[in-house]
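The values are calculated or read from the model by the stated rules, or taken from the named source; none is laboratory data. All values derive from a computational prediction rather than experimental measurement. Cβ: placed from backbone, ideal geometry, glycine included. Neighbour counts: every protein chain shown.
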């Protein structure tokens, strides 16, 4: 029997739930997930300028999610990477 492991913690639907929550702990989890992906992939998949703060990054991801509901079933990290790539592509 062959199985595929999936280590993705959230998908886009999960991010939307956290992002839109009225509970501070959920919003904090959303922002923390964005920060974790940003820290992990900055300089590799996208290049966020030094002076960009988490509020801005979180807003960029929120806007991207709102504009791409057809992708909400996909892993959250890929959605965040694509949002940040769109906003902060690395210069060649």
(message) Among the listed residues 44, 52, identify the single one that is free of Cβ contacts under 8 Å to residues at least 60 places away in the same chain, under 16 Å from residue 81 (Cβ atoms) and loosely packed, with under 13 Cβ neighbours inside 10 Å.
(response) 44
(message) Among the residues that make up segment 40-50, is at least one of them part of a helix (DSSP H, G or I), out of contact with any strand residue (DSSP E or B) (no Cβ under 8 Å at 6 or more places or on another chain) and within 18 Å of residue 75 (Cα to Cα)?
(response) yes
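Could you check segment 55-92 and list, in sequence order, the residues that are assigned to a loop (DSSP other than H, G, I, E, B) and either touching a strand residue (DSSP E or B) at 6+ places or on another chain (Cβ under 8 Å) or surrounded by 13 or more Cβ atoms within 10 Å (Cβ to Cβ) (or both)? Don't jump to the end; show me each part of the working.
Narrowing segment 55-92 to residues assigned to a loop (DSSP other than H, G, I, E, B): 68, 72-74, 88-92.
Within segment 55-92, 68, 72, 73, 74, 88, 89, 90 meet the criteria.
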(message) Within segment 50-66, does at least one residue satisfy the condition of being more than 23 Å from residue 20 (Cβ to Cβ) and either at pLDDT below 95 or out of contact with any helix residue (DSSP H, G or I) (no Cβ under 9 Å at 6 or more places or on another chain) (or both)?
(response) yes
(request) Please enumerate the residues belonging to segment 27-39 that are more than 11 Å from the chain's Cα centre (by Cα) and either surrounded by 14 or more Cβ atoms within 10 Å (Cβ to Cβ) or part of a loop (DSSP other than H, G, I, E, B) (or both). (result) 27, 29
